[in-house]
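No value in this document is a laboratory result; all are computed from the given coordinates. Just so it is clear, the model here is predicted, and its values are computed rather than measured. Cβ sites come from the backbone with ideal geometry, for glycine too, and all protein chains shown count toward neighbours.
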Amino acid sequence: MADNVEIQGQIDPRFNRVKEAFAENFAAKGEVGAAVAITLDNRPVADLWAGFSDRAKTTPWTRDTIVNVWSTTKGPAAMCLHRLAEQGRLDLNAPVAGYWPEFAQAGKDKVPVSYLLNHKAGLPALKQKMPDEMLYDWDAMTSALAAHTPWWEPGTRHGYHAFTYGYLIGEVLRRITGISLGAYLQKEIAQPLGLDFHIGLGAEHDGRVAQMIGADPPPPGERNLFTEAFKDPESVSYKALSNPASLMKVKTINTREWRGAEIAAANGHGTARALARLYGALACGGQVDGIHVLSADNIRRCYTEQSRGQDAVLLRETRFALGFMLPQPGTAHDRNPHNFGHSGAGGSIAYADPDARVGFAYIMNKMRTDAVLDTRAAALIDAMYASL
């Protein structure tokens with residue numbers, strides 16, 4: 001039994017089931033610190049937090065605690081490219097090389113921007129061994145990717161670009177705008193909407209960042225991606241998740257170096273409140289409080305399937321639209337056909353449900369190894385739909 005924790009925040013009584021499920025996550029599922037937020041028709045109906053922001057359980061998780069959300073970062077990052085497309089500054093079907101000429105190397109001259117978003121580009125990892133510091137060297141990473149030969153013929157299959165995704169789409173955006181993806185996100189989306197979400201976190205925020213806590217070993221017999229991927233050090237799965245060796249290490253994630261870098265596939269830091277508000281706007285036609293986020297046509301692109309089938313990296317069946325995960329086989333957030341968003345390693349998830357006009361986000365600091373969708377998030381999602 002976990003320590004008793006006080007659930008804090010606000011909730012519409014209609015959604016008390018969510019509060020009960022949130023409390024149960026602490027009581028029975030090993031939760032340490034977490035937050036969940038839901039919007040309905042652009043109105044906050046749940047904004048809850050509880051627990052502790054550190055492993056020692058000495059620092060309470062507060063309203064303004066932020067945490068690294070791993071690949072849940074990919075959703076806000078993708079919104080930046082969709083917004084550029086809406087502005088007429090980016091053609092998602094045009095060759096990447098038209099914006100980033102060096103990318104044409106190694107036969108990649110015709111690869112469209114869309115392949116960077118739907119994981120068909122064939123660049124989920126670098127084959128050569130990378131030093132740890134290269135992770136924080138934007139020019140070195142993008143130059144290496146531009147020169148790299150694809151692992152497969154682009155467009156013929158898909159494989160999750162777990163970390164390279166951020167450098168690839170971020171460099172296209174930088175070539176067009178002259179600024180980084182993190183800066184564009186702040187200027188175009190986060191600041192206008194009042195979102196506490198950052199890709200490239202300033203040191204002034206370090207005092208409110210929750211410490212990431214690694215996952216316990218999976219139970220015997222439970223399928224585990226990392227165990228499978230790490231069987232062959234030369235495989236694309238191994239390289240995508242552990243090249244450089246510091247990738248996916250909790251000791252890396254808890255450093256100032258990681259927080260301050262712009263690793264736009266995996267190092268977004270923010271609140272559940274921010275993510276729910278952002279996805280809630282997309283669930284309600286692309287606007288919130290009179291502020292425009294994306295047009296209806298661009299929102300449709302966010303949930304139109306682009307990739308489906310056996311994933312060359314994750315070694316299971318996956319589905320993607322342009323930059324967003326679609327409901328995966330066996331997940332709990334597939335209630336409606338147009339749901340789209342993204343989950344992150346260890347358990348976080350945020351998504352839009354345009355049919356229910358819902359924005360949902362769950363973030364935490366205690367990682368788990370659930371194969372498809374974290375059971376803590378699944379319980380909250382079940383409770384949310386039961387409340388609608």
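So here's what we get for this one:
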{"item": "For segment 200-276, alpha-carbon Rg over 2.2 N^0.38 Å", "result": "1.31"}
{"item": "Coarse-grained scattering of the chain at q = 0.07, 0.11, 0.12, 0.14 Å⁻¹, given as base-10 log I(q)/I(0) from a Debye sum over alpha-carbon atoms", "result": "-0.28, -0.71, -0.86, -1.22"}
{"item": "Computed label-point distance, nm, for sites Ile7 and Asn336 using a 7 Å Cα→Cβ extension", "result": "2.3"}
{"item": "Part-to-part distance (alpha-carbon centres) for segment 125-186 and segment 251-277, which is given in Å", "result": "17"}
{"item": "Residue-span extension gain [Glu234 to Lys129] - 0.36 nm each, minus C-alpha spacing", "result": "36.8 nm"}
{"item": "Residues Arg14 and Gln287, FRET efficiency given R0 of 30 Å [Cβ-Cβ distance, rounded to 0.05]", "result": "0.80"}
{"item": "Mean projected area (nm²) of the alpha-carbon convex hull when segment 296-388 is viewed from all directions", "result": "6.0"}
{"item": "Under 5 Å, built H, 5+ apart or other chain: amide partners of Thr59", "result": "Ser53, Asp54"}
{"item": "Those GluC sites (Glu not before Pro) in segment 1-99 that DSSP places in a loop and that have at most 12 other beta carbons within 10 Å", "result": "Glu6"}
{"item": "Shape category assigned to segment 74-136 from the gyration tensor of Cα positions, a/c cut at 1.5", "result": "oblate"}
{"item": "Helix axis angle, 138-147 relative to the chain longest principal axis, alpha carbon, degrees", "result": "50"}
{"item": "With eigenvalues of the C-alpha gyration tensor scaled by 5 and rooted, segment 56-185, Å", "result": "27, 19, 14"}
{"item": "For segment 34-108, convex hull of alpha carbons as volume per residue, Å³", "result": "162"}
{"item": "Over 25 Å (Cα to Cα) - which of Lys57/Lys251; Lys187/Lys251; Lys120/Lys251 fall in this group", "result": "Lys187/Lys251; Lys120/Lys251"}
{"item": "Derived scalar couplings ³J(HN,Hα) [segment 161-168; Karplus, 6.51 cos²θ - 1.76 cosθ + 1.60; whole Hz; x for Gly, Pro]", "result": "8, 4, 10, 5, 3, x, 5, 5"}
{"item": "Label-point gap, in nm, between Arg300 and Ala94 - each point 7 angstrom along Cα→Cβ", "result": "2.2"}
{"item": "Cα gyration tensor shape of segment 230-382, rounded if a/c is under 1.5, else prolate or oblate by comparing a/b with b/c", "result": "prolate"}
{"item": "R0 of 25 Å, Cβ-Cβ distance Ser143-Thr255: FRET efficiency to nearest 0.05", "result": "0.55"}
{"item": "Translational D in µm²/s for segment 152-309 (Stokes-Einstein at 37 °C, 0.692 mPa s, Kirkwood Rh from C-alpha pairs)", "result": "180"}
{"item": "Cα gyration tensor, segment 1-132 - rounded (a/c under 1.5), prolate or oblate", "result": "prolate"}
{"item": "Gain on full stretching of the segment that runs from Glu24 to Gln105 - 0.36 nm per residue minus C-alpha separation", "result": "23.9 nm"}
{"item": "If the convex hull is drawn through the Cα atoms of segment 349-388, its volume per residue in Å³", "result": "69"}
{"item": "Chain lengthening between Tyr136 and Asp54 when straightened (0.36 nm per residue, less Cα-Cα)", "result": "27.0 nm"}
